[in-house]
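Report on the following structure.
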Amino acid sequence: MRSAPIFSVRCRKTIKNFAYELGKQIIAGVRGVCRRYFFLVYRCMKTPVDLVSSDYYKDELIYQQVIDAIKRANSLSGGVVVREGRGMISLELPAEMQGVPVQGTVSFYCPSDVSRDRRIALTGGVRI
């Protein structure tokens, strides 16, 4: 006696068709994930990564001068007060700086975009 087939021919075609469609969906999903990763890599490569200074090694070597300047500034009776308002920035120096010619540079750094950095020189003996 011969046993009857477990699945009919029609049922086998349905299972094969389901497996084929499932395989297509898996491949489409993998392609979608790959596209997303390639897009993220592309965006990361196009994002500008600027350092605060292009000569950071040279700046590191002269950092001792900055440390000395901080010590001298801390020895004053008060610190520099920075005020912002009406589209301008004002610097107020301590009382013992009255009448002393001031020279230096004020640096404004934009951490996200080096093209927006600004350096303003205080020249000509600005008097407080």
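Among residues of region 115-126 being of a type outside the set (S, T, Y) and modelled with pLDDT of 80 or more, the one that is farthest from the chain's Cα centre (by Cα) is A121. How many residues does region 102-118 contain that are within 20 Å of A73 (Cα to Cα) and either of a type outside the set (A, V, I, L, M) or not assigned by TED's automatic domain parsing to the domain that holds V66 (or both)? Residues in region 102-118 being within 20 Å of A73 (Cα to Cα) and either of a type outside the set (A, V, I, L, M) or not assigned by TED's automatic domain parsing to the domain that holds V66 (or both): 5 in total.
Selection within region 38-57: residues that are of a type in the set (S, T, Y) and in a helix (DSSP H, G or I). The member of this set that is modelled with the highest pLDDT is Y42. In region 68-83, is there at least one residue being surrounded by 11 or more Cβ atoms within 10 Å (Cβ to Cβ), charged (D, E, K, R), modelled with pLDDT under 85 and more than 26 Å from the chain's Cα centre (by Cα)? Checking region 68-83: not a single residue is surrounded by 11 or more Cβ atoms within 10 Å (Cβ to Cβ), charged (D, E, K, R), modelled with pLDDT under 85 and more than 26 Å from the chain's Cα centre (by Cα). Filtered by the rule that a residue be in contact (Cβ under 8 Å) with a residue 24 or more places away in the chain and either more than 21 Å from A121 (Cβ to Cβ) or surrounded by fewer than 10 Cβ atoms within 10 Å (Cβ to Cβ) (or both), region 84-103 gives Q98, G99.
The values are calculated or read from the model by the stated rules, or taken from the named source; none is laboratory data. Remember, it's a predicted structure, so these values are computed and weren't measured experimentally. No Cβ is skipped: glycine too gets one built from the backbone with ideal geometry, and neighbour counts run over all protein chains shown.
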